[in-house]
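Participant: Below: one structure in structure tokens.
The values are calculated or read from the model by the stated rules, or taken from the named source; none is laboratory data. Nothing here was measured: the structure is a model prediction, and the numbers come from that model. Note: ideal-geometry Cβ built from the backbone for every residue, glycine included; neighbour counts use all protein chains shown. Please note that ligands, DNA and RNA were not included when accessible areas were found on the heavy atoms of the full protein model with its side chains. Shrake-Rupley method; radii C 1.70, N 1.55, O 1.52, S 1.80 Å.
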Amino acid sequence: MTRIRKHGFKSKRYLKVSESQHARWTKTSTYSNDHNYFSIPNISNATREEEVSNEGKQTRSSEDWREGRRIVELDVLATGLRACLKCGLPLQLGHTIDIQTYGLGCLLKVQCFNTICMHVNSVPTGKRHDRVWDVNSKLATALVHSGLGERQANSFLSELNIPAFSYKLVSARLKEVGNVVEEVAKESTNEALEKELAAVEQKKGKLVVAVDAGWQKRGSGRAYDSKSGHCSMIGPETGKIINYSVRSKECRVCSRAESRNESPRKHACYRNWEGSSKGMEADMVIEMVKGVQSKGCTVAALVGDEDSTTIGRVRANISNSIEKISDRNHLKKILGNSLYSLKKNHPVLTVKIIKYLQSCFNYIIAQGEGNPEQIAKDLNALSKHPFGDHQCCSSRWCKFLSNPKSVFKSFPQGKPLSGASLQKSLESVFEGYAKNSLKLSTVGSTQANESFNRMVSAKAPKHVHYSSSGNLNYRVAASVAQKNTGHRYLVNVNKKLGLSPGYHTQRLARLRDYQRSKQRALATTRAFKRKRLEKKAKMHQKLASAEVREGVSYQTGCSLDAAISDDIQSIPAPVITPEYLPLEPKTLNDSSMTYFDVETTGLGNFEPLDYIGFISGRDSHIIQLSAVNSQNTKFNRYIKPARPILPQASEVTGLKFQNGKMYHDDREVQSIGISNALTAFILFLKEIHNTVLVGHNSKIFDVPILINALEKNGLLNNFMSSVKGFIDTLPLFKECIPNQPSYSQPKIYNTLFGELYSAHDSMEDVVALRRLFEKISPSLVLKSKFSGTYESVMQLYQHRNCTKGLLTTLRPLTNSKTITNCMATKIASSGLGLSHLKLAHKRDRQQGIENLFTELCGHPSKARVTKSKKIIQATSTYLNDLEE
């Protein structure tokens, strides 16, 4: 009978139904959006568990063996189907009438097709050992090795439509596999100890070991309440684990019995600690040292961090002669914490300066190994070094002694620091380290232990609770075996289980070990280290720039501080100047050429805001617009200007506008309004489909002016639907006719035809340009190279307009000579205005301006604006004065 909850989640009533009735319900029940009906899931097998120690009694059956997927060993299946056990005739897989599932293994019930025999054969899908399926043992090994639990693995299998396995099955298989894994780990530590002792004896030294602990639950800094922990002991000479230990404060079986006030059943209890989580490390280190000494070895010194009283307890319980060696990386971290605490009162102590001081500290420790007097002297000098006092510095780490003109690359403007208060604070910090120079003269590293802790966290993730069973011990042991012997430890585990490791298992293990050895070899090279530092610097630069642009987005208690929580304005991300996208050769081949030119109220020299013409745009007005197409149809209009024509422009073009009349070379010509002229020009272009406009220096001058006029008169969309794109003949002529003294259109015309024409009359210009273009006859590839689609032209035009607006806000900086006109254009072109600079300066002073200007964009090494310390300092100084 099966208990089924009645419809309605709040109801606590249940029905008792037979298995057959329940099966009929599951086949007929459906889900309907209109009638809030829920299909009843098939739970007929929910209480059944796969057989564990005797895999023949309890199984999971399926009415349809075709449902889902199965893991099958093809060789075993082929052997089972070879012949009927009763009559000897071959079996067929299609004659399967039932399937019995045992975890990931299963038995197929295949009926003989012989009508006389009709024997039902049990055909296994995989090998077995002692009535246990090999695939289930390998499953347990895979869970330990990959860091998965029962729930995660079942989720993975269910998505593949492979039947799930039960917790009871995997628990039993984990015990079987776990004991073997611990055995392999112990063998690897014994072998590692022998190699470490051999290496120590060869150097005629003493046995020094690095120890460090890790916990299953991460400490918050105020509370350390993990229920388990592990500790490793690594020999520095071989880098391998020579001993390890695990502590656990909980056992699932014991805890369950205690909650029921019962005596726990007989079991393998892994609870071995009753004290606090903080006390685990010292106890594990004592156990490991005793374990090594029980094998006839004497531990002379321990390398560890400065966060516990481990060494005191070891000396009290084992020997007072054991020395304590500090961890180099941990000392650097402690120094960094001290310097960051000073940053609150001394804002000039930036992150870059702190990292620079930490690097100098590392150089002093590394180069002063075994020489405490030298370390003490150098550390005292380090407090004066950032302030430009190098009298006590050493040439081993200070470059200013060999090159006095050197600059501090990490300091503002490359200049030394200043301030008696800051110098006194730094002297106090480094004086404390100088007093411990004897300890600093002999330092070690627990980096290998930290690496092992990360490996354990991968196999026993901190968000999954493994502390109350042997699961944690198995996973720590697997990490030990992998650390010492690599992924091939899986092969050893399989062999000890009596299983075949398998081709794919061995192949992947060899591949992973090869990749790891290759990675280690590369990690020691100078090029790799330099690349890693550069990548890290770029990452920090990107992060710092993003934080300045975003403002405070996440900070303790920020929503309580109105001044911080209101600062939510974002600075725009870097804007990259658009580029012309070339037209495809096929498009050009199907298009006709229309040659055009404009004459304007100016000569093309820059207006007050036009520091770089092609970035900020032209403000001149069109006074003559001319064009000629491939069929020699001509278009020419004189246009009434909306602003006066400059005298210099009239002198060159011969165009004047007086008393409402247009004159060309003192001859009156008919002129019309700009809107009528542009409308007529669009109608002229529409007469020829798929046309491309060709102009000389059009990218810089003609196209921006034409688009500006079209937009002002609301004709831009109509115009863009009439043309495919543009071609600029200036760069095209430079490539087709190299080594010319001048590439102005009249000069090129005279060079090719040996004659002159009436230049700066746009009608004469377009006729001459057409003749030049047809004379040179560039290929489709060259035409495409110097062309631009109208979409890219519009993007560039819009960018110019945005830049022009931002450029106006930067006038105070250029008027005060803080930055040049060209630099103002670069700032505006990147999407920044004066309000954005003020916001960045408000958030992080000069460092904020530096992070904003040096933000990487586009090309990996290209700054958003500039990396010049001088410009950054000048901008910051101006904004400081502005605030005051």
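Participant: Out of the residues in segment 397-426 that are among the hydroxyl-bearing types (Ser, Thr, Tyr) and over 18 Å from PRO347 (Cα atoms), state the one that is modelled with the lowest pLDDT.
Facilitator: Among those residues, the one meeting the criterion is SER406.
Participant: Among the residues of segment 322-332, are any exposed (fewer than 13 other Cβ atoms within 10 Å of the Cβ) and either out of contact with any Phe, Trp or Tyr (no Cβ under 6 Å at 6 or more places or on another chain) or more than 30 Å from GLN873 (Cα to Cα) (or both)?
Facilitator: There is no residue in segment 322-332 that is exposed (fewer than 13 other Cβ atoms within 10 Å of the Cβ) and either out of contact with any Phe, Trp or Tyr (no Cβ under 6 Å at 6 or more places or on another chain) or more than 30 Å from GLN873 (Cα to Cα) (or both).
Participant: Further question on the same structure: Considering each residue of segment 283-296, count those that are open to solvent by 10 Å² or more (accessible area, probe 1.4 Å) and assigned to a helix (DSSP H, G or I), and give that number.
Facilitator: Qualifying residue count for the region: 6.
Participant: For segment 377-410, enumerate the residues that are touching a Lys or Arg at 6+ places or on another chain (Cβ under 8 Å), among the hydrophobic types (A, V, I, L, M, F, W, C) and in contact (Cβ under 8 Å) with a residue 24 or more places away in the chain.
Facilitator: Result: PHE408, single match.
Participant: Just to be sure before I move on: is VAL766 of a type in the set (Val, Ile, Thr), outside any loop (DSSP other than H, G, I, E, B) and either in contact with a Leu (Cβ under 9 Å, 6 or more places away or on another chain) or open to solvent by less than 60 Å² (accessible area, probe 1.4 Å) (or both) in the structure I sent?
Facilitator: Yes: the conditions hold for VAL766.
Participant: Return the pair list, or none, for Cβ contacts closer than 6 Å from residues in segment 165-192 that are in a helix (DSSP H, G or I) to residues that are of a type in the set (Asp, Glu), at least 6 apart or on different chains.
Facilitator: Pairs found: TYR167/GLU150; LYS168/GLU49; LEU169/GLU50; VAL170/GLU150.
Participant: Kindly indicate the residue of segment 62-92 that is in a helix (DSSP H, G or I) and within 22 Å of LEU160 (Cα to Cα) and also farthest from the chain's Cα centre (by Cα) among those meeting that condition.
Facilitator: Checked segment 62-92; the qualifying residue farthest from the chain's Cα centre (by Cα) is LEU77.
Participant: Which condition does LEU148 not pass, out of (1) of a type in the set (A, V, I, L, M, F, W, C); (2) open to solvent by 60 Å² or more (accessible area, probe 1.4 Å); (3) part of a strand (DSSP E or B), if it passes all the others?
Facilitator: Result: LEU148 fails condition (3) only.
Participant: Here's a follow-up. From the list VAL456, VAL464, which one is in contact (Cβ under 8 Å) with a residue 24 or more places away in the chain, part of a helix (DSSP H, G or I) and of a type outside the set (S, T, N, Q)?
Facilitator: Exactly one of VAL456, VAL464 is in contact (Cβ under 8 Å) with a residue 24 or more places away in the chain, part of a helix (DSSP H, G or I) and of a type outside the set (S, T, N, Q), namely VAL456.
Participant: Suppose we keep only residues that are in a helix (DSSP H, G or I) and free of Cβ contacts under 8 Å to residues at least 12 places away in the same chain within segment 812-841. Which one would you say is least open to solvent (accessible area, probe 1.4 Å)?
Facilitator: THR814
Participant: Within segment 427-437, does at least one residue satisfy the condition of being at pLDDT below 90 and outside any helix (DSSP H, G or I)?
Facilitator: Among the residues of segment 427-437, at least one is at pLDDT below 90 and outside any helix (DSSP H, G or I), which makes the answer yes.
Participant: Do the conditions hold for THR309, that is, is it more than 33 Å from the chain's Cα centre (by Cα), over 21 Å from LEU193 (Cα atoms), open to solvent by 50 Å² or more (accessible area, probe 1.4 Å) and of a type in the set (Ser, Thr, Tyr)?
Facilitator: Yes; evaluated as a whole, the condition is true for this residue.
Participant: Moving to a separate point now. Residue under question is GLU711, and the condition is that it be surrounded by fewer than 20 Cβ atoms within 10 Å (Cβ to Cβ) and either over 30 Å from TYR743 (Cα atoms) or basic (Lys, Arg) (or both); does it hold?
Facilitator: Here the answer is yes, as GLU711 does meet what is asked.
Participant: Something else now. When ARG845 is evaluated against the numbered criteria (1) in contact with a helix residue (DSSP H, G or I) (Cβ under 7 Å, 6 or more places away or on another chain); (2) assigned to a helix (DSSP H, G or I); (3) open to solvent by less than 20 Å² (accessible area, probe 1.4 Å), which criterion, by number, is the only one it fails?
Facilitator: Looking at each condition in turn, ARG845 falls short on (3).
Participant: Return yes or no: is VAL299 buried (at least 20 other Cβ atoms within 10 Å of the Cβ) and over 16 Å from ALA213 (Cα atoms)?
Facilitator: yes
Participant: For the subset of segment 167-188 comprising residues that are within 38 Å of the chain's Cα centre (by Cα) and over 17 Å from LYS496 (Cα atoms), which member is least open to solvent (accessible area, probe 1.4 Å)?
Facilitator: It comes out as VAL170.
Participant: Taking only segment 640-651 into account, find how many residues are out of contact with any Asp or Glu (no Cβ under 9 Å at 6 or more places or on another chain) and either part of a helix (DSSP H, G or I) or open to solvent by less than 60 Å² (accessible area, probe 1.4 Å) (or both).
Facilitator: 6
Participant: Related question: If I filter segment 730-763 down to residues being open to solvent by less than 50 Å² (accessible area, probe 1.4 Å), aliphatic (A, V, I, L, M) and within 26 Å of LEU655 (Cβ to Cβ), which single residue comes out as modelled with the lowest pLDDT?
Facilitator: For segment 730-763, the residue satisfying everything is ALA759.
Participant: For residues that are open to solvent by 40 Å² or more (accessible area, probe 1.4 Å) and under 40 Å from the mean Cα position of the chain (by Cα), tally how many sit in segment 191-207.
Facilitator: 2
Participant: Between GLY613, GLY602, GLY654, which is among the small types (Gly, Ala, Ser), farther than 24 Å from GLY805 by Cβ and at pLDDT below 90?
Facilitator: On inspection, the qualifying residue turns out to be GLY654.
Participant: Another question, if that's okay. Answer yes if at least one residue in segment 39-52 is at pLDDT 90 or above, part of a loop (DSSP other than H, G, I, E, B), surrounded by 12 or more Cβ atoms within 10 Å (Cβ to Cβ) and in contact with a helix residue (DSSP H, G or I) (Cβ under 8 Å, 6 or more places away or on another chain), and no otherwise.
Facilitator: no
Participant: Here's a follow-up. What residue, of ALA523, ALA537, ALA509, is in contact with a Lys or Arg (Cβ under 9 Å, 6 or more places away or on another chain), at pLDDT below 95 and closer than 29 Å to ILE354 by Cα?
Facilitator: Going through ALA523, ALA537, ALA509 in turn, just one is in contact with a Lys or Arg (Cβ under 9 Å, 6 or more places away or on another chain), at pLDDT below 95 and closer than 29 Å to ILE354 by Cα: ALA523.
Participant: Six or more apart or on different chains, Cβ under 6 Å: which pairs go from a residue in segment 681-705 that's free of Cβ contacts under 8 Å to residues at least 24 places away in the same chain to one that's open to solvent by 10 Å² or more (accessible area, probe 1.4 Å)? Could you list them?
Facilitator: none
Participant: Taking segment 215-242, which residues are crowded, with 19+ Cβ neighbours inside 10 Å, in contact with a Ser or Thr (Cβ under 7 Å, 6 or more places away or on another chain) and farther than 26 Å from HIS267 by Cα?
Facilitator: ILE241, ILE242
Participant: For segment 487-508, what are the residues that are in a helix (DSSP H, G or I), open to solvent by 40 Å² or more (accessible area, probe 1.4 Å) and among the polar types (S, T, N, Q)?
Facilitator: Answer for segment 487-508, where residues must be in a helix (DSSP H, G or I), open to solvent by 40 Å² or more (accessible area, probe 1.4 Å) and among the polar types (S, T, N, Q): ASN492, THR505, GLN506.
Participant: Would you check which residues across segment 543-565 are within 19 Å of LEU839 (Cβ to Cβ) and either modelled with pLDDT of 85 or more or among the hydroxyl-bearing types (Ser, Thr, Tyr) (or both) and list them?
Facilitator: Within segment 543-565, LEU543, ALA544, SER545, ALA546, GLU547, VAL548, ARG549, GLU550, SER553, TYR554, SER565 qualify.
Participant: Kindly establish whether ALA863 is more than 29 Å from LEU581 (Cβ to Cβ) and surrounded by 18 or more Cβ atoms within 10 Å (Cβ to Cβ).
Facilitator: For ALA863, the condition - more than 29 Å from LEU581 (Cβ to Cβ) and surrounded by 18 or more Cβ atoms within 10 Å (Cβ to Cβ) - is not met.
Participant: For segment 325-360, enumerate the residues that are touching a residue at least 60 places away in the same chain (Cβ under 8 Å) and either outside any helix (DSSP H, G or I) or among the hydroxyl-bearing types (Ser, Thr, Tyr) (or both).
Facilitator: Answer for segment 325-360, where residues must be touching a residue at least 60 places away in the same chain (Cβ under 8 Å) and either outside any helix (DSSP H, G or I) or among the hydroxyl-bearing types (Ser, Thr, Tyr) (or both): ILE325, SER326, ASP327, SER338, ASN345, HIS346, PRO347, VAL348, LEU349, THR350.
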